[in-house]
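Student: Questions regarding the structure given below will be posed in turn.
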Amino acid sequence: MTAIIALSLLGILNLFLGFWLSRKTIQAATLLFLAGSMALTALDWNHELLWYGHMFHTTNTSISFSLIIQLAAFMVVSFSKGFGIDEEHTHPAEYYAILLFSVVGAILMVSFDHLIMFFVGLEILSVAMYVLTGSDKRNLRSNEAALKYFLMGSFATGILLFGITLVYGATRSFYLANIAVAIANTPPESTPVFLSIGVLLILVGFLFKISAAPFHFWTPDVYEGAPTIFTMFMSTVVKAASFAALYQLLSGPFGTMYGTWVYPIYYISMLTLLVGNITAVYQQSAKRMLAYSSISHAGYMLLTVSANQASTPSTILYYSLSYTLATIVAFGVVMLVAEYQTGRTEKPENFSSFEGLAKQNPGLAFCFTIALLSLAGIPLTAGFWGKFFVFSDIFNRHVYYPVILAIVMSAVGVYYYFKGIIAIYFKEGDIERIELPGLVKFAMWACTLGTLLLGVYPSIVKNLF
């Protein structure tokens, strides 16, 4: 809770720092703020606390997800070398402040014990994402993406809020513990129909946020149109927070209604795997490929949520961390190459722009390769164990068809991820050496080494709780 208070105050302070500090110094201050908030969050480890009338609950699980969210934000800010170059049209103090506020919303989403607290966190995060998506005001793609994200996000939020209303009407409480007791004390044959509808509507709202099919149509356009640095943030922080919140609801108050929501999730996860992976095969833009890749990974994570095993929280945590590390590097390299190729080629984000990258930029090529291998689930990377733990959880439920489909789709994923690796190593290109600031190098190598470390020693995270 102290981290939330600190981040809120530091976000406001950041706005005032924009009047006094240079643009580069503001980035350093933001990194310092995030490092401090991570330290404050870690101090709560093994201290289970309730705040604000039991609306906010701090546990080791919520602390772990909060640290992943803040780590992702730290790495995103480290990659933000482009802020401030155009002094007329960029406002880094405001961008960084909004990022800090969005982290507050994400932490609320992983630590809530009351549906209103969850909704407040969701809206803080969502509104910040709408603004950041359209922050490149001179880019028509960015404007279109922000409008599309806002309209569809508002519609999905309305559905989710209506679901919360129906659940409240059936249980007469917003507290998760009271909702769980009310549902447990109601015989299955007497369960109100509108309670089941409310649970399913809440699920629909979540499925939009995590980009699951058939609620994924906004994702490719928004990911492509938003500035890449914010796409990186969106694809990591929003996903981690949403899956943590979804599991908390489905395993907690709605756990006794397992039969109501598990089959829709089975079918939606399989549809998501099919849509995400098959569509990614045909993409020529690396950024759109990563967007559809993000959809497919939502399908894998939905599988472990539906398994609802004792190991599921640690599996979601491990998968979120491994996906976050690899995705930050992948989008980071796409952003760096696209900035270099702008003006040299018509479509700087296409795979053709990466041809010959390894010759003059072996470090950049290596990091990109490890990120793609991890996203594909190749052994000795964190992504392999992430998928292995997901398959194990769902297999232990004796549900085999989703596992078979997920394995087949993993093989499909290898094909489109290797398109990037083939371009940088096996095709001729004329990319010169790309000079990287120290912070960008640090973030890229830290994420890459973290991916390899978790690939060799997955127990570091898996056995946390």
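Student: Between residue 51 and residue 172, take the C-beta separation as r, use R0 = 30 Å, and let me know the FRET efficiency to the nearest 0.05. Working shown, then result.
Tutor: Values: r = 23 Å, r/R0 = 0.77.
It comes to 0.85.
Student: Okay, next question. Within 10 Å of each candidate Cβ there may be at most 15 other Cβ atoms; applying that plus a DSSP loop requirement, which trypsin sites (Lys or Arg not before Pro) in the range 408-465 survive? Let's see the in-between values first.
Tutor: On the way: sites: 419, 427, 433, 441, 462; in loops: 427, 433.
Those satisfying the criteria are 427, 433.
Student: Separate question: Using θ = phi - 60° and the Karplus curve 6.51 cos²θ - 1.76 cosθ + 1.60, what whole-Hz ³J(HN,Hα) does each residue of the range 59-71 get, with Gly and Pro shown as x?
Tutor: For the range 59-71, the Karplus-derived couplings read 10, 4, 5, 5, 5, 4, 5, 4, 5, 4, 4, 5, 5 Hz, x marking Gly and Pro.
Student: Also: Does the range 278-326 classify as rounded, prolate or oblate by the C-alpha gyration tensor (a ≥ b ≥ c root eigenvalues; a/c under 1.5 gives rounded; else a/b over b/c gives prolate, otherwise oblate)? Present the calculation step by step, with values, prior to reporting the outcome.
Tutor: Numbers: a/c = 5.43, a/b = 2.08, b/c = 2.61.
Since a/c reaches 1.5 but b/c is at least a/b, the shape of the range 278-326 is classed as oblate.
Student: Note down, for the chain, the three equivalent ellipsoid semi-axes (square root of 5 times each alpha carbon gyration tensor eigenvalue), biggest first, whole angstrom. Mind showing how you got there, number by number?
Tutor: Numbers: eigenvalues 235, 136, 81 Å².
With the √(5λ) rule applied to the chain, the semi-axes are 34, 26, 20 Å.
Student: Between beta-carbons, use under 11 Å as the cut-off and find the net charge around residue 439, counting Lys and Arg +1, Asp and Glu -1.
Tutor: On the way: positive: 24, 81, 441; negative: none.
Local charge sum for residue 439: +3.
Student: Assuming a ≥ b ≥ c are the square roots of the Cα gyration tensor eigenvalues, decide whether the range 177-235 counts as rounded (a/c under 1.5), prolate (otherwise, with a/b larger than b/c) or oblate.
Tutor: Working: a/c = 6.28, a/b = 2.88, b/c = 2.18.
Here the range 177-235 falls in the prolate category.
Student: How large is log10 I(q)/I(0) at q = 0.15, 0.18, 0.21 Å⁻¹ when the Debye formula is applied to the Cα atoms of the range 171-210, each weighted equally and without solvent?
Tutor: -0.41, -0.57, -0.73
Student: So how far, in whole Å, is the C-alpha centre of the range 357-408 from the one of the range 236-304?
Tutor: 15 Å
Student: Convex hull volume of the Cα atoms in the range 45-141, per residue, in Å³?
Tutor: Working: hull volume 10.1 nm³, N = 97.
Enclosed volume per residue, from the Cα hull, is 104 Å³.
Student: Under a cut-off of 22 Å between alpha-carbon atoms, report the lysines in cross-link reach of residue 441, not counting same-chain residues fewer than 8 places apart.
Tutor: 24, 81, 287, 359
Student: Right, next: Please give me, ordered by residue number, the chymotrypsin sites (Phe, Trp or Tyr not before Pro) of the range 11-65 that lie in loop per DSSP and have at most 16 other Cβ atoms within 10 Å.
Tutor: Working: sites: 16, 19, 20, 33, 45, 51, 52, 56, 65; in loops: 45, 52.
For chymotrypsin sites (Phe, Trp or Tyr not before Pro) across the range 11-65 that sit outside H, G, I, E and B with at most 16 neighbouring Cβ atoms in 10 Å, the list reads 45, 52.
Student: So what is the calculated 222 nm ellipticity per residue for the chain, using -39500 (n - 2.57) for each DSSP H run with n of 4 or more, over all residues, to the nearest 500 deg cm²/dmol? Mind dumping the intermediate values first?
Tutor: On the way: 20 runs with 340 residues, N = 465.
Helices in the chain give a 222 nm mean residue ellipticity of -24500 deg cm²/dmol.
Student: Find the relative contact order for the chain and round it to a whole percent, using C-alpha pairs within less than 8 Å whose residues are 6+ positions apart. Write down the numbers at each step before the final one.
Tutor: Working: 746 pairs, mean separation 65.7, N = 465.
Relative contact order, the chain: 14 percent.
Student: Can you give the FRET efficiency to the nearest 0.05 for residue 342 and residue 404, using r as the Cβ-Cβ distance and R₀ = 51 Å? Could the numbers behind the result be given before it?
Tutor: Values: r = 43 Å, r/R0 = 0.85.
E(calc), rounded to 0.05, equals 0.75.
Student: Moving to a separate point now. Taking the highest mean first, how do the peptides 155-166, 280-291, 324-335, 223-234 order by number of other beta carbon atoms within 10 angstrom per residue?
Tutor: Ranking the peptides 155-166, 280-291, 324-335, 223-234 by packing returns 324-335, 223-234, 280-291, 155-166.
Student: Using unit Cβ charges (K, R positive; D, E negative) and no other charged atoms, how large, in debye to the nearest 20, is the dipole of the chain about its Cα centre? Don't jump to the answer; show the numbers that get you there.
Tutor: On the way: 22 positive and 22 negative charges, 84 e Å.
Approximately 400 debye in magnitude.
Student: Right, here's the next one. Based on the Cα coordinates of the range 413-458, what is the per residue volume of their convex hull in Å³? All intermediate terms of the calculation are to be shown ahead of the outcome.
Tutor: On the way: hull volume 4.7 nm³, N = 46.
Each residue corresponds to 103 Å³ of Cα convex hull volume.
Student: One-quarter of the Cα convex hull surface for the range 156-260, in nm²?
Tutor: 6.9 nm²
Student: So what's the Cα pair-distance distribution over the range 313-465, bin width 10 Å, in %?
Tutor: P(r) for the range 313-465, in whole percents per bin: 11, 37, 31, 15, 5, 0.
Student: With Cβ to Cβ distances under 15 Å as the rule, what net charge do the other residues near residue 295 carry (K, R +1; D, E -1)? Provide the component values of the computation, followed by the final result.
Tutor: Details: positive: 209, 239, 287, 288; negative: 221, 224.
Neighbour charge sum, excluding residue 295 itself: +2.
Student: Add +1 for every Lys or Arg and -1 for every Asp or Glu among the other residues with Cβ under 11 Å from the Cβ of residue 312, and state the total. Mind showing how you got there, number by number?
Tutor: Details: positive: 397; negative: 393.
It works out to a net charge of 0.
Every number here is computed from the coordinates shown, using simple stated rules; none is lab data. Because the structure is a prediction, the values reported are computed rather than measured. Neighbour counts are summed over all protein chains in view; Cβ atoms, including those assigned to glycine, are modelled from backbone coordinates with ideal geometry.
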